[in-house]
Amino acid sequence: MAETTPAGLCFALEAAYVESCRKPTESNLGPVKRRAYVWASEISPCSRQMALNLTHPENRQEPDDEGACRMARGVDLEDAILARLKRIGPKYSIPFRVIGEQVRFEIKDRDGVLLGSGKIDCRIEIAGQTPVAEVKSGRSVEHLHTADDFFRSSVWSRKYLDQLLNYLLAANEPWGCFIIARPGTPKIVPVVLEEWLERAERNLSGMRQAVDHALGKGPIPDF
């Protein structure tokens, strides 16, 4: 039982917030299990790292309380931005709609082998097009303005770029975008697949090496 002093009650409120941020997700629900496909959030230029994530998931480092709360804050920001876009979309001079939120997505190789899985944040239906949109937040992205910035800025922003690129490659879609939650005005950043096609295909090849190893059909890739 928490103390009913002001300090004790404030501590209880803080603990409740942290607990809510640690609610089970796809990556931490139940016992750690081996997989034979890559989570989209773990796509990496290092195929060995992807292979180890599949065969030794128990070694994955889970976020601490601060990290879990930052992730939950990102989800809250995503919900707020998409809610506003939904409200203004039908009234804008170029009408648009937010559709397909949190739809599961599979990345398959040309022979049908499942290489990766994830969920897209949403699509934006506008001017006869429906690009995939990923909402991102935090200090690692709030200063970014172009897809090149995502590539050059940090390992985290590169992971976001790789995730979106492989969605586009697998779905054969020409472009998508990032919606960056920033203090003040969000930044909408287009990502054109053709400009990054070589990187996307290289990542897909690395995912195949990782999956083949997890299935016992190939050696563990080099770093």
Length-normalised contact order of the chain, Cα under 8 Å, at least 6 apart, in percent, tallies to 22
Labelled set [x] 47, 46, 35; [y] 50, 33, 33; [z] 62, 50, 29; Cα extents along the principal axes in Å computed from this model equals the value at [z]
DSSP beta bridges in the chain: the antiparallel percent, rounded to 5, is 70
Label model pair Trp156, Arg110: point-to-point distance (7 angstrom along the Cα→beta-carbon line) in nm is 3.7
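Per residue, how much accessible area does region 1-147 show when a 1.4 Å probe rolls over the protein heavy atoms, in square angstrom?
On the way: 9390 Å² over 147 residues.
Counting only protein heavy atoms, the per-residue value for region 1-147 is 64 Å².
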Ranked by GNM mean-square fluctuation in the chain (Cα springs under 10 Å), the top entry among Gly89, Gly176, Gly206 is Gly89
Zone reached by a paramagnetic label modelled 7 Å from Arg22 Cα along Cα→Cβ, restricted to region 45-83 with backbone N below 19 Å, covers 58-75
Within region 32-136, DSSP-loop GluC sites (Glu not before Pro) with at most 12 other C-beta atoms within 10 Å are none
When the chain is treated as a Gaussian network with springs between alpha carbons less than 10 Å apart, the largest mean-square fluctuation among Asp149, Asp64, Asp162 is found at Asp64
In this structure, among Lys108/Lys159; Lys86/Lys108; Lys91/Lys119; Lys86/Lys136; Lys86/Lys187, pairs with alpha-carbon gaps over 22 Å are Lys86/Lys108; Lys91/Lys119
Per DSSP, the loop-located trypsin sites (Lys or Arg not before Pro) within region 18-119 having at most 11 other beta carbons within 10 Å are Lys33, Arg34, Arg110
With -39,500 (n - 2.57) per DSSP H segment of 4 or more residues and division by the full residue count of the chain, the 222 nm estimate, nearest 500 deg cm²/dmol, is -13500 deg cm²/dmol
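The values are calculated or read from the model by the stated rules, or taken from the named source; none is laboratory data. The shown structure was predicted, so the numbers you read here are calculated from the model rather than taken from an experiment. No Cβ is skipped: glycine too gets one built from the backbone with ideal geometry, and neighbour counts run over all protein chains shown. Only protein heavy atoms, including side chains, enter the accessible area calculation; ligands, DNA and RNA are left aside. Shrake-Rupley method; radii C 1.70, N 1.55, O 1.52, S 1.80 Å.
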